[in-house]
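In what follows, a structure is listed as structure tokens, so that the remarks can point back to it.
No value in this document is a laboratory result; all are computed from the given coordinates. Note that the structure is a prediction, hence the values are computed from the model and not measured. Virtual Cβ from ideal backbone geometry, glycine too; neighbours counted across all protein chains shown.
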Amino acid sequence: MLRSDFTALFGQAPEIISEAPGRVNLIGEHVDYCDGFVMPFAINDRTYAAINRRSDRKIRISSLQRPGQLFETTLDELSPDKSGDWERYILGVIWAFGDRVTTGLDILVDGRVALGAGLSSSAALECSIAISLNNLFAAELSLPALARLAQRSENEYVGMPCGIMDQSVSLMAQAGNALLLDCRDLSTEQIPFDLASSGLELLIIDTRAHHALVDGGYAERRASCESAAKKLGIKALRDCSIAQLESSRDELTELEYKRAEHVVNDIARVHKCVENLKRADFKTVGEILTQSHASLRDLFEISCPELDLAVATSLANKSLGGRMIGGGFGGSAIALFELSDIEPAKQAISKAFLEAGFTEPRFFTSLPSSGAAVISG
Ligand code: GLA
């Protein structure tokens, strides 16, 4: 499909087709930019990119999700001026490759990760392009180096101060596993995440809410964490225990203290969650997820009524635990269920949303899937 569409659009078959997944983060939220630990997994939904090198320096970009739109520029015009639309995510990656990209490009993408659902469609797009360019231009960058490159393109070209989690999991995930990632050195451990053999499933609830705070709110949280670390005289909040934080309370503003308390505790929850996953104690895993939600809601203050309702209704309908995921102020929540409890819970959540006057949520489930790959070429 993508191949024939590419050929129809650009008059030649693509040299390469690659794919990269979106993600769900199990635990460790808003801690990646504090050098913390996170444990996301890749979902089945992914973005596909078909690419050809050109003989000139022109760049042409189109998307199956926006038929009829063709964006054109040249390699020499790339500059992070932060204007433009979705194509910036692609241009930023090309820009971040710098001199390694030596020719113009024709690019067609097929983005199958739901937009605005907090499932990291942007990292999927960036990483599908990054893995192809790495291959086409024999750049030989490692997966962690590609993750840093994609993050830099989003930070500097798109202007979103994201951490390293989404790009890392999109590139380094392995099917059947959650990815325990040390966001300081990008070392990883694959943690088997097999809910099905315990009769469980993780429900992903896309609240379809998207509150206006998103952009400024994210940057503001990150800034508070960084100023807290600075006042504590440490490189990042990862270097602080809860006891140290408590004893330095007077050095921080009340707001910085709340934000830091969330970060320090959520990093500890990641380690606790790993231990409990390893011993298949899903009851405790569920409790940890719910604690994380309360912390994101009360200390980090990035939840919203739709996310709170999704989690509360899940818990009231036999969920073992759940929480909001991703940047916050909308997007998706996750909730852990015994398989037989999922359908009634979905109905209860939909009903609660309608009663509250919210848009009906969308439900997904996904097994932990594999990371980015070249699928042809
Ligand atoms: C967004 C960012 C990530 C991370 C999460 C919150 O998805 O892109 O880097 O900070 O929010 O955990």
Those residues of segment 88-105 whose amide nitrogen sits under 20 Å from the label point placed on ASP76, 7 Å along Cα→Cβ: 91-92, 94-105
Debye log10 I(q)/I(0) at q = 0.07, 0.08, 0.10 Å⁻¹ for the chain, Cα point scatterers: -0.31, -0.41, -0.63
Packing-based exposure ordering (other Cβ within 10 Å, fewest first) of ARG249, ARG221, ARG259, ARG148: ARG249, ARG148, ARG221, ARG259
Summed side-chain charge close to SER340 - residues other than SER340 whose Cβ falls under 15 Å, Lys, Arg +1, Asp, Glu -1: -2
Cα long-axis angle, helix 282-298 against the chain (0 to 90 degrees, to the nearest 10): 80
Simple spin-label estimate for HIS271 and GLN190 in nanometres, 7 Å along Cα-Cβ: 2.5
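With n ≥ 4 as the cut-off for DSSP H runs, can you work out [θ] at 222 nm for the chain, using -39500 (n - 2.57) per run divided by the number of residues, rounded to the nearest 500? Mind dumping the intermediate values first?
Details: 11 runs with 148 residues, N = 377.
It comes out at -12500 deg cm²/dmol, rounded to the nearest 500.
Percent relative contact order of the chain, based on C-alpha pairs within less than 8 angstrom and at least six residues apart?
Numbers: 824 pairs, mean separation 89.8, N = 377.
So the answer I get is 24 percent.
For ALA196, what is the net charge nearby, where nearby means another residue's Cβ is under 15 Å from its Cβ and Lys, Arg count +1, Asp, Glu -1? Walk me through the numbers before you get to the answer.
Details: positive: none; negative: ASP194, GLU201, GLU338, ASP341.
Counting the neighbours of ALA196, the net charge comes to -4.
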Packing-based exposure ordering (other Cβ within 10 Å, fewest first) of LEU195, LEU64, LEU289, LEU70: LEU70, LEU64, LEU195, LEU289
Placed amide H near PHE137: partners under 5 Å, 5+ positions off or other chain: none
Net lengthening on full extension, ILE234/LYS278 (0.36 nm per residue, minus Cα-Cα): 12.7 nm
Residue exposure sequence - LYS346, LYS272 - by fewest surrounding Cβ within 10 Å: LYS272, LYS346
Principal-axis tilt of helix 214-232 within the chain, Cα atoms, nearest 10 degrees: 60
Segment 132-154 and segment 240-274: distance between their alpha carbon centers, rounded to Å: 33
Net charge over other residues, Cβ less than 15 angstrom from the Cβ of ALA356 (K, R count +1; D, E count -1): -2
